[in-house]
Amino acid sequence: MSRTLLVLIVCLSALRLGASLGSRSILRAVADKNGDSEDYAVDLNTTNFDAVLRDTPATFAVVEFFAHWCPACRNYKPHYEKVARLFNGPNAVHPGKVLMTRVDCALKINTNLCDKFSVGHYPMLFWGPPSKFVSGSWDPKQEKSEIRNIDNGRTAEKLLNWINEQIGSSFGLDDKKFENEHLSSNISDPGQIARAVYDVEEATSTAFDIILEHKMIKSETRAPLIKFLQLLVVHHPSMRCRKGSAEILVNFDELSPANTKQEEVAGAVKNFQICGKDVPRGYWIFCRGSKNDTRGFSCGLWVLLHSLSVRIEDGESQFAFTTICDFVHTFFVCEECRQHFYEMCSSMSSPFNKARDFALWLWRTHNKVNERLSKEEETMGTADPKFPKMIWPPMQLCASCYRSRNSQKIEWDEDEVHTFLTNYYGKTLISLYKSNSALGNAGAKGILDESTTSTNVVAVPVGAALAIALASCAFGVLACYWRSQQKSRKYYHQRYSLKKYDY
């Protein structure tokens, strides 16, 4: 066994061990010991406290410090769970607003954690931005703190009323999904896109779940999938998804060898969670519609594609174009949507040489899709009343993008449009996530060898391995092993490209 492979195995084992220390995933609602009811609040302890609160997409958090032997805590739990039901888990009524958590101070492992927050009686409830709890503390003598003690939440009604006062909502304990919603408009506040980074993770995970559920990994679809994974490894806005994509690439031949049954491939790939163990979360935030059947996955996928388009370099533009077109054409299961996208890809008569040109092409393509769908939805009455399809960006977000506009035509300033796209789907998209230190650096800028764009093969790119190596020590070792094993190896395949852009 080579030294590189040995180090790789040790690093991956450490990563898996670290990932298993958390007592419970945010996604899970676990039945209590008697199996009588579900727990919606997330159990935290000293090993996962910072990680869960750092990575949550929620804007605020409530942390309950309690002791399992305390009768008052046991009596309070049903009240706390009534409120947690509204905010936590894949079936949350109002997801992404508040993360409801609890810490058992009776466990010795949590002694120092409870001391940091000056827990003097049970239960004690605290409120604040999740990031402020990370490596944080609370002292009753401290005059200014973004972490606040909730002193009026001893019943479900009082606790929810207290929360409503803090965030200006009017949530009720009997709310159902998509009732009493307070969805923020995304056409006037550019900062809203920052919360879409969680939806990009959700869309990435959902896309690969669809591929597995529909048994779509076959000999003729391997190449489009490998190319898309290569693009994600370097340019996905989430480090979690970059790492997951790299792990799948490293193990792709073992996961999907020739002549393997689809059920076996799906089972093997399923063990690799492309964006981490807590994704999919089961809900959308920026892409949440006001009705159950609107926005969601399609919105998240578009944000992902736009984010990829503004993160690539000039030399990668044609590769990104063919990769995205092939991926949608091969794996998007909405037949009409796939066909329309195919036609727009096929209409291109010359290759892209500039990343700017590809980003603007994708923007124009998205607007054409919105224009077509808005007419259909208006006729059928299926539009989301709060988020109707529109030409993007609206003037409220980018007035400088418009040179002139009338009822018949818009004259765009495409330089301004490109600047807007780059900032909106680039810097602003990752700003919230990056501030939580969950995203990391983009890594190396290259993804392709020069030979990759001019041959009929798909090679694992040197730039991708470089990017991963910069991410972290363990991840770097993984990348080094990947490159050492696959540097001279190429995936020969029957050319699977749209005829009109097969140069």
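The values are calculated or read from the model by the stated rules, or taken from the named source; none is laboratory data. What you see is a predicted model; the values in this text were computed from it and never measured. Please note: Cβ atoms are built from the backbone with ideal geometry, for glycine as well, and neighbour counts cover all protein chains shown. SASA here: full protein model, heavy atoms, side chains in, ligands and nucleic acids out. Shrake-Rupley method; radii C 1.70, N 1.55, O 1.52, S 1.80 Å.
For the stretch 42-167, rounded, prolate or oblate, judged on the Cα gyration tensor with a ≥ b ≥ c (square roots of eigenvalues), a/c < 1.5 rounded, else prolate if a/b > b/c?
Because its axes are fairly even, with a/c under 1.5, the stretch 42-167 counts as rounded.
For the stretch 311-425, which whole-number percentage of the solvent-accessible area (1.4 Å probe, protein heavy atoms only) is attributable to carbon and sulfur atoms?
Carbon with sulfur: 50 percent of the solvent-accessible area.
With every protein chain left in place, what is the accessible area per residue of the stretch 42-167 in square angstrom, probe 1.4 Å?
Here the residues of the stretch 42-167 average 44 Å² of exposed surface.
Quick one: which of 165-175, 138-148, 234-244 comes out on top by average Cβ neighbours within 10 Å, and what's the full order, highest first? Could the numbers behind the result be given before it?
On the way: 165-175: 13.3, 138-148: 11.0, 234-244: 25.1.
Per-residue Cβ counts within 10 Å, averaged per peptide and sorted highest first, yield 234-244, 165-175, 138-148.
Express as a percent, rounded to the nearest 5, the fraction of DSSP beta bridges in the stretch 42-167 (both residues included) that run antiparallel.
45
Could you check how much of the accessible area of the stretch 96-159 is carbon and sulfur, as a whole percent, using a 1.4 Å probe?
Carbon and sulfur together cover 45 percent of it.
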